[in-house]
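Shown next, in structure tokens, is the structure this report addresses.
What follows draws every value from the coordinates through simple rules; no lab data is involved. In this text, all values refer to a predicted model and were calculated from it rather than measured experimentally. When we count neighbours, we look across all protein chains shown, and the Cβ atoms used for this are built from the backbone with ideal geometry, even at glycine.
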Amino acid sequence: MTAAKHVAIIMDGNGRWAKKRMLPRAMGHKKGVEAVRKIVRAAKDLGLEALTLYAFSTENWKRSEDEIGALMGLMKAFIIADLDEFGANNVRLKIIGDYKAFPADVVELIEKALARTAENTGTTLAVALNYGAQDEIARAATKAAAKGAITPEAIEVELDTSGMPPLDLLIRTSGEVRLSNFLLWQAAYAEMMFVDTLWPDFTPAHLADALEKFADRERRYGGR
């Protein structure tokens, strides 16, 4: 049995959770943030070295201004409310993607959080913000080319996730079965699980169950 060190989650289903309850989409996102808190708190107890969450993709800019504004507000509230807890639990925050495209006040909060948690040595919480895997690979290849030969190893060190453990398990909630431009390079040999649970209903018990199932899988990395 193998224990997972790095788990990534596509947090899908906030809108459908709200629609089922005839609530505004913003309420679904709010409940989704509450689920994030629970999962981040559980990560250490479940033995994870790294947890990567898909929070805002490069394609999410296509959503309505009201929804984007609500997401930005929730992001700020999450950082402000949880920063002390990150410190208390030795969580290191990492951002993958181009977060500097966000409004200046959001960027300032993110950078303060990154600086404040930089020396923490516990679980790394990587949050994908304005992230797209194809863009990440293109940026990494460009940097690799500037230094010399383009090899898988040269690209690897230029990825946003450089320095993190290899991705072991990728989970997508809500029943959708696609990667949606998330960690395409890192997922090459990761195990994948697609669960029907909507993200606001995803609990530490769901994560623990996924880790148990992962531990029972045999990983061959292309061999027999």
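Per-structure values
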read-out	value
Diffusion constant of segment 112-174 at 37 °C, which comes from Stokes-Einstein with the Kirkwood Cα-pair radius and 0.692 mPa s, µm²/s	237
Cβ-based net charge around Asn14, under 12 Å, with every Lys or Arg adding one and every Asp or Glu removing one	+4
Cross-link partners of Lys20 among aspartates and glutamates (Cα-Cα below 15 Å; sequence separation of 8 or more within a chain)	Asp12, Asp196, Asp201
Spin-label model distance (nm) - Leu184 vs Ala205, 7 Å beyond Cα toward Cβ	3.8
Segment Ser64-Ile80, length gained on full extension (0.36 nm per residue, minus Cα span)	3.3 nm
Burial ordering of Thr203, Thr123, fewest other beta-carbon atoms within 10 Å first	Thr203, Thr123
Distance from segment 129-165 to segment 171-224 (C-alpha centre basis), Å	23
Highest-MSF residue in the chain out of Ala140, Ala43, Ala210 [GNM, Cα springs under 10 Å]	Ala140
Ranked list, fewest to most other Cβ atoms within 10 Å of each Cβ, for Leu74, Leu169	Leu74, Leu169
Sorted largest first, extent of segment 80-198 alpha carbons per principal axis (Å)	41, 41, 29
Cβ-based net charge around Thr124, under 12 Å, with every Lys or Arg adding one and every Asp or Glu removing one	+3
Local net charge near Phe86, Cβ-Cβ under 14 Å (Lys/Arg +1, Asp/Glu -1)	+3
Orientation-averaged projected area, Cα convex hull of the chain (nm²)	13.0
Set of lysines with alpha-carbon distance to Lys5 below 29 Å, sequence-local pairs under 8 removed	Lys30, Lys31, Lys38, Lys44, Lys76, Lys94, Lys100, Lys112, Lys143, Lys213
Helix runs (DSSP H) in the chain reaching 18 Å along axis by Cα, Kyte-Doolittle at least 0.5	65-88
